[in-house]
Amino acid sequence: MVAVEGGAEVLVVVGGDGSVHETVNGLVAAGRSLDAELAVFPRGTGKDFVRSLRIPKDLGGAIEVARNGHARTIDVGHARFHACDGSAAEAYFANFAGAGISGAIARRANASSKAAGGRVSFLWATVAVFARWQSASVTATIGETRRSGQVFEVLAMNGDYAAGGMWVTPDAVPDDGLLDVLVIGDVTKADFVRTFPKIYRGRHLSHPKIDVLRGAAVEVDADRPLPIVLDGEQPGTTPARFEIVQGALKVRVPA
């Protein structure tokens, strides 16, 4: 914030999705998110924010974008949820939010060693959590559309990538004023084995228990508190509301 207040035109984040998440929260909450362009040198685990914006993951390419890229004004998300102590909380997210198994996966991945890299960390966390996870009775409301039933996950995507390179919602666009909401129903272990590998290529959406809806906001409630995730961080539980804040952030992207 000091750099932006001092007149900096480009703010460089060296880190991963968590570092971007913290920076965006500081900028948007202070009303300074359009005062400077955000450039990212990816050095974290997931790198899904830079994937979604097609920013190179190698340092040399990221430096070139920071020097000679152009500014793209994108949306961010705003989340209201219950903090871990039960109090009402809110935060912004740059790339994605979720409620359900994704929160447990994020918690598991963040608590484990990341020496093997982001993709392996999230892959192992997903397999380990899914083996014990039980679906919940969930109601997800997206605009005038309501989905109710046994659900594993509701993901509200601003970008198209999450969880260390999973191409979750291939048609998501981070500046269209909408969230692409992925609802995963009560999939079986056999479903998981057959379908999960397809998510890295964006070919999972043909599964009958997976649906994508689009809207400016989604509300999620369940018969038990479900962990939520914001850009890979796990700050609380449902009930939750995720909504778009249009044109809230300038990011330097490839020309």
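The values are calculated or read from the model by the stated rules, or taken from the named source; none is laboratory data. Remember, it's a predicted structure, so these values are computed and weren't measured experimentally. Please note: Cβ atoms are built from the backbone with ideal geometry, for glycine as well, and neighbour counts cover all protein chains shown.
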(Q) So, in the stretch 48-84, exactly how many residues are of a type outside the set (Val, Ile, Thr) and within 13 Å of the chain's Cα centre (by Cα)? (A) 9
**Q.** Scope the stretch 59-82; condition under 23 Å from residue 220 (Cβ atoms) and among the small types (Gly, Ala, Ser); matching residues
**A.** 77, 79
Q) Right, residue 168: assigned by TED's automatic domain parsing to the domain that holds residue 108 and farther than 14 Å from residue 210 by Cα or not? A) no
Q. Does residue 106 satisfy the condition of being closer than 26 Å to residue 205 by Cβ, in the same structural domain as residue 201 (by TED's automatic domain parsing) and touching a residue at least 12 places away in the same chain (Cβ under 8 Å)?
A. yes
Q: Could you tell me whether residue 252 is among the basic types (Lys, Arg), surrounded by fewer than 24 Cβ atoms within 10 Å (Cβ to Cβ) and in a strand (DSSP E or B)?
A: no
(Q) Looking at residue 73 and the list (1) in a helix (DSSP H, G or I); (2) of a type in the set (S, T, N, Q); (3) surrounded by fewer than 18 Cβ atoms within 10 Å (Cβ to Cβ), which single condition is not satisfied? (A) (1)
Q: Collect the residues in the stretch 144-172 that are among the small types (Gly, Ala, Ser) and within 20 Å of the chain's Cα centre (by Cα), keeping them in residue-number order.
A: 156, 159, 162, 163, 164, 165, 172
**Q.** Residue in the stretch 33-70 that is surrounded by the most Cβ atoms within 10 Å (Cβ to Cβ), counting only those that are part of a loop (DSSP other than H, G, I, E, B) and among the polar types (S, T, N, Q)
**A.** 33
Q | Single condition residue 94 does not satisfy, out of (1) assigned by TED's automatic domain parsing to the domain that holds residue 17; (2) within 24 Å of residue 109 (Cβ to Cβ) | A | (1)
Q. Any idea which of 193, 183, 168 is among the hydrophobic types (A, V, I, L, M, F, W, C), crowded, with 22+ Cβ neighbours inside 10 Å and out of contact with any helix residue (DSSP H, G or I) (no Cβ under 8 Å at 6 or more places or on another chain)?
A. 183
